[in-house]
Amino acid sequence: IVAEIEKKITAAFEVFDRESNKTVDVREIGCIVRSLGCFPNEAEVQELLAKIEVEEPGGFIHLEKFLPVMTKVLLDRRFRPIPEDVILHAFEALDENKCGYITKEDLVKHLTEG
């Protein structure tokens, strides 16, 4: 099972490896982690980065450094998505007219007003 997980991680990593040199920009790590079905917040992404040896500040992450850290994340089932019923409850709270949808304008209003 570890080999399958590592293969999945490597495939996701390679999508962002624009130079095909087994490195990605450190800013891509959050996207890679999320593409693997894990949904950490930004603080948790920074915590992950602290566990990975980064070549230089604002630099690049090597696959060989990323792979063991991310394998452990997947094996431990960390950063799982929010359960559907919780998301549905949040949606229903925003759907004030109980019509089964939210207009773009209402969504913008909810996201931008305190």
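The values are calculated or read from the model by the stated rules, or taken from the named source; none is laboratory data. Since the model is a prediction, treat every value here as computed from it, not as a measurement. For neighbour counting, all protein chains shown are included, and Cβ atoms are generated from backbone atoms with ideal geometry for every residue, glycine included. Note: areas computed on protein heavy atoms with side chains; ligands, DNA, RNA excluded. Shrake-Rupley method; radii C 1.70, N 1.55, O 1.52, S 1.80 Å.
Working note: Cα gyration tensor of the chain, eigenvalues times five, square-rooted, sorted largest first, giving semi-axes of 34, 17, 13 Å. Extension gain for the segment Leu88 to Glu42, taken as residue separation times 0.36 nm less the Cα-Cα distance, is 14.2 nm to one decimal.
Most mobile of Leu74, Leu49, Leu94 per a Gaussian network model of the chain (Cα springs, under 10 Å)? Of Leu74, Leu49, Leu94, the most mobile in the Gaussian network model is Leu94. Among the lysines, which fall within straight-line cross-link reach of Lys7, defined as a Cα-Cα distance under 17 Å, with same-chain neighbours fewer than 8 residues apart omitted? By straight Cα distance, Lys7 reaches Lys22, Lys65, Lys72.
Applying both filters, DSSP loop and at most 12 other Cβ atoms within 10 Å, to the trypsin sites (Lys or Arg not before Pro) of the range 26-114 gives Arg77, Lys98. The long axis of helix 42-51 is offset from the longest Cα principal axis of the chain by roughly 10 degrees. Expressed as a whole percent, the accessible area of the range 1-76 that falls on carbon and sulfur atoms is 54 (1.4 Å probe). Surface analysis of the chain yields an accessible area of 70 Å² per residue, using protein heavy atoms and a 1.4 Å probe.
Placing a label point 7 Å from the Cα of Ala11 along the Cα-to-Cβ direction, the residues of the range 28-53 whose backbone N falls under 12 Å from that point are 36. Among the chymotrypsin sites (Phe, Trp or Tyr not before Pro) in the range 61-114, those located in a DSSP loop and surrounded by at most 14 other Cβ atoms within 10 Å of their own Cβ are Tyr101. For the range 64-81, the Karplus equation 6.51 cos²θ - 1.76 cosθ + 1.60, evaluated at θ = phi - 60°, returns couplings of 4, 7, 6, 4, x, 5, 6, 4, 5, 4, 5, 5, 7, 6, 7, 6, 5, x Hz by residue, with Gly and Pro reported as x. Where only DSSP H runs of four or more residues are counted, the chain gives -17000 deg cm²/dmol as its mean residue ellipticity at 222 nm, each run worth -39500 (n - 2.57). For the range 15-23, backbone phi angles converted through the Karplus equation (6.51, -1.76, 1.60; θ = phi - 60°) give residue-by-residue couplings of 4, 9, 7, 5, 8, 6, 10, 6, 9 Hz, Gly and Pro being listed as x. GNM remark for the chain: springs join alpha carbons under 10 Å apart, and the peak mean-square fluctuation among Gly59, Gly37, Gly100 falls on Gly100.
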